């Protein structure tokens, strides 16, 4: 059983060896002229000179959360659609109930102003 | 399963459906009429819980296994349903005077409480690992939000964040455990798992054992057993007081029921492996909770820490159930009923007394001379405290006797000794409350919450009466616990 894993073990070792060797051997041949900009974590873009003047409200997170919620609902719709003919009135009623509960949540989000971009 | 069968099955979970419907009603009502009085929403929620309780009554005495063997309606689950519904109702009652005081009101409060209640009901019903897990999550998510309910209080947000992170980690661990158990046995139904483990002889399968250990860790987080208790003190301190009461009592029903269903039934054939682990957890939980409770100056925190201790005692019964399921389960169920009533009742008394200027009287010093200001409140508090300590005329005494007896008869004598020592240590902080109430002069600013607390006073009185009755005539509740055992196995 354990013997089956031996190639993986060899492969892991090899991966490390190749990775380290590539950096080390390359360091011997390539020219090296480091400066401050080159060594900075982000080579492009401006450095911030002061803190942001005020906090911006970001409605993105609310919208994306709502999107996620109602997107997951699709997950339940797919199998339902595929088996719609076989699931009879029973399946239809269950799905209506499910949609009703989601609808209440949707109304809540709407009423509380979660869908408005500006507050 | 035919369509007709599905609709018939639905009738058996009517209490859950009713609570969900009421939650949706309160939810809609709140956002359509945002200026509604909290008392109205509370009244509707209470009415809904009462109706759900009424629909639970006709199920009594019958045993049904429905929804493709994933939900059982039996003595055990009905017993839990009554407990859950009444504790939730009580928490709603204590919330009304509390939110009048702190002036921090949002209508979502009752909705979240009701959804958490549905989660607990589902766990009580569930005999499939998936149902149990779903119920626990349905309880946990509203509980995270309720902890963060004091939006402007940093401690509340911090507590909620910790609770959320720890809780999700625990859920992940639990699901991994469930998946391993499912992977080895190929079953989700707890009875089927038990049969499979016995018949297929997989008792020492390493993957299964790892699964069981992960389950212990996951459930340990949820019930707050040491060493998985780090989130508890913060949550208890940061959450609003009624929610602390809820998390310390009702929210412990669900994981405890799950532990009973999973360890006493599903993986019981492996008891030789999980018993020592549980015994150590139990001893640690009892001792650490006790030592932390000793140095508290705040009664709310003391109750929270002593709640950890009580979970440790209850775990002792689970350990005993590894050898003798009968003794173990009966003592756990009985003890848990007593613990719930006395602990949630003590939280109720804290909300009942208050000081001028809207401050909360929840320090030991605030209880000074309560017996002179309100002899009845002091008496009720003493009954709850004595019950938690385990003094004879109360239910706590019988509960402790059966737990210790179960531990001794199953040869876990060292565990019983640890338990008794801890019971003696706990006398310090429990009796301190009584000393404060009876042996000091009252401070002039101590007063009793009158406004909107009539129902609370009545319920406190009834609960104190039940606590005493459980000590004088424990037979009724013992029968109840015994019956729930017979259907559980």
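Here are some notes:
- Unique residue being assigned to a helix (DSSP H, G or I), under 19 Å from the mean Cα position of the chain (by Cα) and more than 23 Å from residue B:27 (Cα to Cα) when the list is B:166, B:161: B:166
- Test: residue B:245 is closer than 16 Å to residue B:343 by Cα and surrounded by 24 or more Cβ atoms within 10 Å (Cβ to Cβ): yes
- Being farther than 28 Å from residue B:127 by Cβ and in a helix (DSSP H, G or I) is a property that does not hold for residue B:336.
- Residue B:319 more than 27 Å from residue B:143 (Cα to Cα), at pLDDT 90 or above and crowded, with 24+ Cβ neighbours inside 10 Å: yes
- Options A:87, A:64: the member that is within 14 Å of another protein chain (Cβ to nearest Cβ), part of a helix (DSSP H, G or I) and modelled with pLDDT under 85: A:87
- The residues of region A:95-119 that are more than 10 Å from every other protein chain (Cβ to nearest Cβ), free of Cβ contacts under 8 Å to residues at least 60 places away in the same chain and not in a helix (DSSP H, G or I), listed by number, are A:113, A:114, A:115, A:116, A:117, A:118.
- Some residue of region B:251-266 being touching a helix residue (DSSP H, G or I) at 6+ places or on another chain (Cβ under 6 Å), over 30 Å from residue B:91 (Cβ atoms) and at pLDDT below 90: yes
- Hits in region B:172-202 (condition: within 17 Å of residue B:137 (Cβ to Cβ) and assigned to a loop (DSSP other than H, G, I, E, B)): B:188
- Which numbered condition residue B:222 misses (of (1) within 30 Å of residue B:270 (Cβ to Cβ); (2) more than 18 Å from the chain's Cα centre (by Cα); (3) in contact (Cβ under 8 Å) with a residue 60 or more places away in the chain): (2)
- Hits in region B:258-270 - residues which are farther than 13 Å from residue B:317 by Cα and in a helix (DSSP H, G or I): B:258, B:261, B:262, B:265, B:266, B:268, B:269, B:270
- On inspection, residue A:92 fails the criterion of being under 27 Å from the mean Cα position of the chain (by Cα) and either within 13 Å of another protein chain (Cβ to nearest Cβ) or surrounded by fewer than 11 Cβ atoms within 10 Å (Cβ to Cβ) (or both).
- With a requirement of 2 or more residues that are within 14 Å of another protein chain (Cβ to nearest Cβ), the helices (runs of 4 or more DSSP H) lying completely within region B:1-120 that satisfy it span B:3-12, B:14-32.
- From the list B:48, B:107, B:61, the lone residue that is touching a residue at least 24 places away in the same chain (Cβ under 8 Å) and either closer than 30 Å to residue B:127 by Cβ or exposed (fewer than 15 other Cβ atoms within 10 Å of the Cβ) (or both) is B:48.
- Test result for residue A:70, away from chain B (no Cβ under 14 Å), assigned to a helix (DSSP H, G or I) and at pLDDT below 85: yes
- Options B:178, B:173, B:127: the member that is over 23 Å from residue B:110 (Cα atoms), touching a residue at least 40 places away in the same chain (Cβ under 8 Å) and in contact with a strand residue (DSSP E or B) (Cβ under 6 Å, 6 or more places away or on another chain): B:127
Listed here are the residues, each with its yes/no results for (1) assigned to a helix (DSSP H, G or I); (2) at pLDDT 90 or above; (3) under 21 Å from residue B:98 (Cβ atoms); (4) within 24 Å of the chain's Cα centre (by Cα).
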residue	(1), (2), (3), (4)
B:341	yes, yes, yes, yes
B:351	yes, no, yes, yes
B:357	yes, no, yes, no
B:365	yes, no, yes, no
B:371	yes, no, no, no
B:386	yes, yes, no, yes
B:391	no, no, no, yes
B:397	yes, yes, no, yes
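The values are calculated or read from the model by the stated rules, or taken from the named source; none is laboratory data. Computed from a predicted structure; not experimentally measured. Don't worry about glycine lacking a Cβ; one is built from the backbone with ideal geometry, like all the others, and counts go over all protein chains shown.
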